[in-house]
1. Across the stretch 209-228, what is the total count of residues that are over 13 Å from the mean Cα position of the chain (by Cα) and under 17 Å from Arg297 (Cβ atoms)?
2. Would you check which residues across the stretch 145-169 are touching a residue at least 60 places away in the same chain (Cβ under 8 Å), over 21 Å from the mean Cα position of the chain (by Cα), over 21 Å from Ser53 (Cβ atoms) and open to solvent by 40 Å² or more (accessible area, probe 1.4 Å) and list them?
3. Identify, by number, the condition in (1) polar (S, T, N, Q); (2) under 25 Å from the mean Cα position of the chain (by Cα); (3) open to solvent by 60 Å² or more (accessible area, probe 1.4 Å) that Ser65 doesn't meet.
4. When residues of the stretch 31-47 are filtered for being within 18 Å of the chain's Cα centre (by Cα) and open to solvent by 30 Å² or more (accessible area, probe 1.4 Å), how many remain?
5. Just to verify a result, which residue in the stretch 242-300, among those that are of a type in the set (Val, Ile, Thr) and without any contact (Cβ under 8 Å) to a residue 40 or more places away in the chain, is most open to solvent (accessible area, probe 1.4 Å)?
6. Looking at the stretch 176-206, which of the residues that are within 10 Å of the chain's Cα centre (by Cα) and β-branched (Val, Ile, Thr) is nearest to Lys290 (Cα to Cα)?
7. Only one of Lys142, Lys50 is open to solvent by 70 Å² or more (accessible area, probe 1.4 Å), of a type outside the set (A, V, I, L, M) and assigned to a helix (DSSP H, G or I). Can you tell me which?
8. Please go through (1) under 15 Å from the mean Cα position of the chain (by Cα); (2) of a type in the set (A, V, I, L, M, F, W, C); (3) not in a strand (DSSP E or B) for Ala266 and return the number of the only condition it doesn't satisfy.
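The values are calculated or read from the model by the stated rules, or taken from the named source; none is laboratory data. Because the structure is a prediction, the values reported are computed rather than measured. We place every Cβ from the backbone using ideal geometry, glycine too, and count neighbours over all the protein chains shown. These area figures cover heavy atoms from the full protein model, side chains too; ligands, DNA and RNA do not enter into them. Shrake-Rupley method; radii C 1.70, N 1.55, O 1.52, S 1.80 Å.
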Amino acid sequence: MVVPVIDFSKLDGAQRAETMAQIANGCEEWGFFQLVNHGIPLELLERVKKVCSECYRVREAGFKSSEPVRTLDALVEAERRGEAVVPVDDMDWEDIFYIHDGNQWPSDPAAFKETMREYRAELRKLAERVMEAMDENLGLEKGAIQRAFSGDGRHEPFFGTKVSHYPPCPRPDLITGLRAHTDAGGVILLFQDDQVGGLEVLKDGEWIDVQPLAGAIVVNTGDQIEVLSNGRYRSAWHRVLPMRDGNRRSIASFYNPANEATISPAVSSGGGEYPKYVFGDYMDVYAKQKFQPKEPRFEAVKAPKSSPAA
């Protein structure tokens with residue numbers, strides 16, 4: 001099995017119906033698909049790769065003294081002493097930082113801020129086009145998902161970017177790259193490394209590689225799209241394996257509801273019953289249960305039923 005690859009340039013041409021069907025299949029059967037010819041200039045993507053790699057070089061020394069490295073070193077040393085060791089299952093071999101409109105961005109390298117502002121503007125437009133395709137496939141009015149994320153225009157949806165590196169791991173058998181999870185939010189657009197793999201998605205009980213593909217943007221649907229679609233679109237479990245060779249770069253952008261937005265199923269047909277809740281309340285639960293099954297998260301934010309009158 002191969003994660004679907006979709007030529008997004010055909011969305012506005014003679015092959016629109018076929019392309020829309022491919023997007024529907026990616027959302028319904030995988031929760032993951034890759035877009036090529038998506039309209040983001042390849043020259044900009046090359047600049048993003050450059051500034052993010054340079055940014056990691058500034059941070060590399062810090063990662064070498066981080067808790068995951070110290071923990072792995074301690075395990076390897078214990079193994080040398082002949083002690084039995086157990087792989088770590090609550091820690092990730094990952095260097096990360098987040099950027100969004102309201103926080104401080106790295107200033108080294110000098111081109112980082114300008115490049116990432118330009119990139120994020122392009123990604124945001126792409127996310128909105130993808131959501132409009134989802135609207136149409138779900139039989140919703142154009143802009144319905146975006147309106148849900150903004151609380152009918154009263155709030156600004158959250159658009160954040162996570163810049164990650166997964167450095168070479170000397171003992172990938174003892175630690176995870178990134179533990180398996182589903183994403184809490186809406187639509188996630190990932191510009192992954194085109195040389196170093198490691199990202200896998202769970203499909204029909206089997207872990208499938210999300211194959212590196214030069215110039216592609218990986219799209220996956222988060223928990224809020226699952227709820228809005230009433231289960232027709234599923235947020236998929238995914239993980240990153242630690243790699244002995246290579247330094248995997250990963251830039252994930254999240255188009256999420258505003259914390260104040262109320263989320264509930266927008267279509268009647270689907271695969272299950274989902275509650276109505278405020279997204280910020282869901283995020284409070286997710287922060288504690290990210291690497292656990294998603295169904296109890298939905299249950300935790302379900303409004304209690306009022307007791308019958310005496």
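1. So the first thing to find is which residues in the stretch 209-228 are over 13 Å from the mean Cα position of the chain (by Cα), and the list is 209, 211-216, 226-228.
Next, from what is left, pick out any that are under 17 Å from Arg297 (Cβ atoms): 226-228.
Number of matching residues: 3.
2. Of all residues in the stretch 145-169, those touching a residue at least 60 places away in the same chain (Cβ under 8 Å) come to 145, 148-151, 154-169.
Subsequent filtering for residues that are over 21 Å from the mean Cα position of the chain (by Cα) retains 151, 154-155, 168-169.
Right, trim to over 21 Å from Ser53 (Cβ atoms) and you get 151, 154-155.
Hits for the stretch 145-169 are Arg154, His155.
3. The failed condition is (2).
4. 1
5. Here is the first cut: in the stretch 242-300, the residues of a type in the set (Val, Ile, Thr) are 251, 262-263, 267, 278, 285.
The next check asks that each one be without any contact (Cβ under 8 Å) to a residue 40 or more places away in the chain; those that pass are 278, 285.
Numbers: Val278: 52, Val285: 25 Å².
So the residue we want is Val278.
6. Thr182
7. Numbers: Lys142 fails: assigned to a helix (DSSP H, G or I).
Step by step, each of Lys142, Lys50 is checked, and only Lys50 is open to solvent by 70 Å² or more (accessible area, probe 1.4 Å), of a type outside the set (A, V, I, L, M) and assigned to a helix (DSSP H, G or I).
8. It is condition (1) that Ala266 fails.
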